[in-house]
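**Student:** Take this structure, written in structure tokens, and hold onto it; I'll ask about it next.
The values are calculated or read from the model by the stated rules, or taken from the named source; none is laboratory data. For clarity, every value in this text was computed on a predicted model and none was experimentally measured. Neighbour counts run over all protein chains shown; Cβ positions are idealised from the backbone, glycine included.
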Amino acid sequence: MVNRNLRIVFMGTPGFAVPSLQYLLDAGYPVVAVVTAPDKPGGRGMKQMISSPVKAFAVEHEIPVLQPENLKAKDFIQALSSFEADLQVVVAFRMLPEVIWKMPPMGTINLHGSLLPAYRGAAPIQWSIINGDTVTGVTTFRLQHAIDTGEILLQREIPILMEDDAGTLHDRMMYIGASLVVSSVDLLSSGEAKTIRQDQAAASHAPKIFHEDARVVWTKSAKEIYNLIRGMSPYPGAWTTLDGHELKILKSRISADDISGIPGTAFLKEKKLFVHTGEAAIELLEIQLAGKRKMNAKDFLNGNTIKDWLLT
């Protein structure tokens with residue numbers, strides 16, 4: 001029988017985590033505290049302190065908030081233990097020290113944006129799209145020492161559509177994941193949870209995205225470049241250079257025509273902007289020059305004339 005009187009501490013920071021917190025409250029679970037990132041300077045002139053989306057939600061719902069700089073600090077550990085949680089739920093937060101994830105009697109569970117053991121790491125959504133996958137998913141698992149390696153509670157598959165980018169997949173995933181979190185807590189509270197060990201031999205990794213990872217290599221095929229662009233959109237944005245200036249490509253489309261040319265060379269066809277790749281061509285739909293606003297290619301072409309453009 002499901003016991004929705006479990007005392008839960010929720011840990012998360014970005015908007016991705018908010019639906020999971022909301023769904024736990026809607027299900028009737030008492031979330032006794034929230035742990036999130038410290039406020040950061042932001043806004044014009046960096047003079048305003050910006051709270052995380054999770055903190056803003058917690059404050060609105062009158063949930064106590066802890067914002068530790070150091071997760072191993074004695075005062076934080078004492079404050080956290082004072083809430084006497086039965087279970088901790090983590091969604092998009094920092095790596096926890098053992099003293100924290102072992103604290104509640106029922107341990108700590110985490111929501112991850114892949115079908116573990118695939119795509120362990122910081123950027124599973126982006127890398128699944130970049131690699132051209134057609135299916136991904138969400139996983140809940142018990143935390144242990146090594147990151148994203150704990151025993152699996154539940155998983156749910158999510159299709160990756162050809163028109164998906166990291167933003168649209170992220171938005172679908174956070175609600176499906178929130179539902180999975182509640183189902184996982186229900187299983188634990190009823191005593192019916194059966195975990196399975198991850199197959200270490202099947203593990204793959206999704207490391208943090210760095211600036212150079214988002215650079216377009218025009219000698220690759222149009223399909224590979226298309227996947228990179230949508231995997232990096234809306235953030236950080238796939239990029240190339242034009243006359244020494246960084247140019248982000250936020251939306252694109254693979255040309256239906258079999259067009260060949262020198263990779264990286266831009267050209268117009270029927271008033272549309274294309275670039276030759278190592279195999280076929282790709283149409284640029286939404287772009288952004290460094291220091292400028294993003295715009296569709298049509299508007300960009302109204303103010304720029306293509307002449308011997310080579311993107312590198």
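**Student:** Within the stretch 164-184, which residues are in contact (Cβ under 8 Å) with a residue 24 or more places away in the chain and either touching a Ser or Thr at 6+ places or on another chain (Cβ under 6 Å) or within 17 Å of I129 (Cα to Cα) (or both)? Before you say what the answer is, go through the steps one by one.
**Tutor:** Filtering the stretch 164-184 down to residues in contact (Cβ under 8 Å) with a residue 24 or more places away in the chain leaves 164-167, 169-170, 173-184.
Once the filter is applied, which keeps residues that are in contact (Cβ under 8 Å) with a residue 24 or more places away in the chain and either touching a Ser or Thr at 6+ places or on another chain (Cβ under 6 Å) or within 17 Å of I129 (Cα to Cα) (or both), the stretch 164-184 yields D164, D165, A166, G167, L169, H170, M173, M174, A178, L180, V181, S184.
**Student:** Here are some conditions: (1) in contact with a helix residue (DSSP H, G or I) (Cβ under 6 Å, 6 or more places away or on another chain); (2) free of Cβ contacts under 8 Å to residues at least 60 places away in the same chain. N3 meets all but one. Which one does it not meet?
**Tutor:** Status for N3: all satisfied but (2).
**Student:** Of all residues in the stretch 95-120, which are among the charged types (D, E, K, R) and touching a residue at least 24 places away in the same chain (Cβ under 8 Å)? Explain how you work it out, then say what you get.
**Tutor:** At the first step, the residues of the stretch 95-120 found to be among the charged types (D, E, K, R) are 98, 102, 120.
Scanning the stretch 95-120 gives E98, R120.
**Student:** Something else now. Given the criteria in the same structural domain as S114 (by TED's automatic domain parsing), surrounded by fewer than 20 Cβ atoms within 10 Å (Cβ to Cβ) and farther than 30 Å from W101 by Cα, does L161 qualify?
**Tutor:** Yes.
**Student:** In addition: For the stretch 31-54, what are the residues that are surrounded by 15 or more Cβ atoms within 10 Å (Cβ to Cβ) and farther than 11 Å from F10 by Cβ?
**Tutor:** So the first thing to find is which residues in the stretch 31-54 are surrounded by 15 or more Cβ atoms within 10 Å (Cβ to Cβ), and the list is 31-37, 51-54.
Within the stretch 31-54, A37, S51, S52, P53 qualify.
**Student:** To continue, here is another question. So which helices (runs of 4 or more DSSP H) stay within the stretch 31-142 end to end and still have 1 or more residues that are over 21 Å from V182 (Cβ atoms) and touching a strand residue (DSSP E or B) at 6+ places or on another chain (Cβ under 7 Å)? Steps first, answer last, please.
**Tutor:** Details: elements: 53-60, 74-81, 98-101, 124-130.
Answer list for the stretch 31-142: 53-60, 74-81, 124-130.
**Student:** Would you mind finding the one in I249, I225, I254 that is of a type in the set (A, V, I, L, M), in contact with a Leu (Cβ under 7 Å, 6 or more places away or on another chain) and over 25 Å from G137 (Cβ atoms)? It would help to see each step written out before you state the result.
**Tutor:** On the way: I225 fails: in contact with a Leu (Cβ under 7 Å, 6 or more places away or on another chain); I254 fails: in contact with a Leu (Cβ under 7 Å, 6 or more places away or on another chain).
From the options I249, I225, I254, the qualifying one is I249.
**Student:** What strands (runs of 3 or more DSSP E) lie completely within the stretch 245-312 and have 2 or more residues being surrounded by fewer than 12 Cβ atoms within 10 Å (Cβ to Cβ)? It would help to see each step written out before you state the result.
**Tutor:** Details: elements: 245-254, 266-269, 272-276, 281-289.
Per the criteria, no element qualifies.
**Student:** Let me ask another. Is it the case that some residue within the stretch 28-37 is touching an Asp or Glu at 6+ places or on another chain (Cβ under 6 Å) and among the aliphatic types (A, V, I, L, M)?
**Tutor:** Filtering the stretch 28-37 for residues touching an Asp or Glu at 6+ places or on another chain (Cβ under 6 Å) gives none.
No - not one qualifying residue is present in the stretch 28-37.
**Student:** Name the single residue, out of those in the stretch 116-129 being more than 13 Å from the chain's Cα centre (by Cα) and of a type outside the set (G, A, S), that is surrounded by the most Cβ atoms within 10 Å (Cβ to Cβ). Talk me through it step by step, then tell me what you get.
**Tutor:** Kept after step one, since they are more than 13 Å from the chain's Cα centre (by Cα), are these residues of the stretch 116-129: 116-118.
This time we only want the ones that are of a type outside the set (G, A, S), so: 116-117.
Working: L116: 25, P117: 20.
Checking each candidate, the answer is L116.
**Student:** Just one of the numbered conditions (1) more than 31 Å from the chain's Cα centre (by Cα); (2) part of a loop (DSSP other than H, G, I, E, B) is not true of T219; which one?
**Tutor:** Checking T219 against (1) more than 31 Å from the chain's Cα centre (by Cα); (2) part of a loop (DSSP other than H, G, I, E, B), the one that fails is (1).
**Student:** A further question on this structure: Is it true that T240 is closer than 21 Å to N131 by Cα, part of a strand (DSSP E or B) and of a type in the set (S, T, Y)?
**Tutor:** Numbers: closer than 21 Å to N131 by Cα: yes; part of a strand (DSSP E or B): yes; of a type in the set (S, T, Y): yes.
Criteria met by T240.
**Student:** Kindly provide the set of residues from the stretch 1-30 that are of a type in the set (F, W, Y) and either over 20 Å from the mean Cα position of the chain (by Cα) or in a helix (DSSP H, G or I) (or both), ordered by number. If you could, list the steps in order and put the result at the bottom.
**Tutor:** In the first step, residues of the stretch 1-30 are kept if they are of a type in the set (F, W, Y); the result is 10, 16, 23, 29.
Answer for the stretch 1-30, where residues must be of a type in the set (F, W, Y) and either over 20 Å from the mean Cα position of the chain (by Cα) or in a helix (DSSP H, G or I) (or both): F16, Y23, Y29.
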